[in-house]
Amino acid sequence: MNIKKSSGIKVLKLVRFKTKPQKVSPEFCVQPNPPYFAPSIQFLILRIHHAMSAITIRTDIRPGDLGYITYLVGIIYAKEYGMTLLNDIEVATFLTHFIQHYTPEKERLWVAETDEHIVGCILVYEESPGVAHLRSLILHPSVRGRGLGRQLMQLAIDFCREVGYQKITLETFDELQAALHLYDSFGFQLTGERFHAEWGRPVREVQFELVLSNSAKS
């Protein structure tokens, strides 16, 4: 399914911060060039320049997708929430397992692109019979505020209904206020919480679920 909408800047090539050869920190990170948080004038110029670029949402999984998504999640969470390489490792490990056990009839990855660069995604996998798990909703800052997150959520929920899932679960952490508001608007209910530092620093993880009473295949 293709959905087009006006978009923002490109996700550009990776560049590593300089480090001393004898001291390679396990917490080094990479950033786009120009910097992820570019000076405001430059950032606005780039957004205006790409304002008419279309966002295309696809569901075919292509070479490079897993690495690109890992990078996108890693750099955004590092810059905005102080996550370390532990988060990258967790994301890469999960995505590898997801693709190795991928069942297209019950699971799906939606990839949002502009100018052939990934700027967002969301995925659904089967957690248990009748239960879907929603994960990896991520948006590049350049495309936030355009309704793309809501589009991706709607696609994922509609897919779960079509497959016949009775319930959708998800996990996030309580600092993602925009995401929490989005989940609430779709009717997700808080079911639990736990505290951990698996992504490189302490967080309060929260669990939600949405009961699908009108699944297509109930």
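Coordinate-derived values only; no laboratory data. None of the values given here were measured: they were computed from a predicted structure. Cβ sites come from the backbone with ideal geometry, for glycine too, and all protein chains shown count toward neighbours.
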**Complete:** A chain fully extended from GLU80 to ALA197 at 0.36 nm per residue, minus the present Cα-Cα distance, gains in nm 40.5 nm
**Request:** Describe numerically, in nm with one decimal, the distance between label points set 7 Å from Cα along Cα→Cβ at ALA54 and at ILE89.
**Result:** 4.2
**Asked** Taking only C-alpha pairs under 8 Å that are 6+ residues apart, what is the relative contact order of segment 54-147 in percent?
**Response** 27
**Request:** Report the extension gain between SER185 and SER213 in nm, rounded to one decimal, defined as 0.36 nm multiplied by the number of residues separating them, less their alpha carbon distance.
**Result:** 8.4 nm
**Message:** Can you compute 3J(HN,Hα) from phi for each residue in segment 179-192, using the Karplus curve 6.51 cos²θ - 1.76 cosθ + 1.60 with θ = phi - 60°, rounded to whole Hz and x for Gly and Pro?
**Reply:** 5, 4, 5, 4, 4, 4, 5, 8, x, 5, 10, 5, 10, x
**Request:** Under 15 Å from a label point 7 Å along Cα→Cβ of GLU105: give me every residue in segment 144-173 with its amide N that close.
**Result:** 162-165
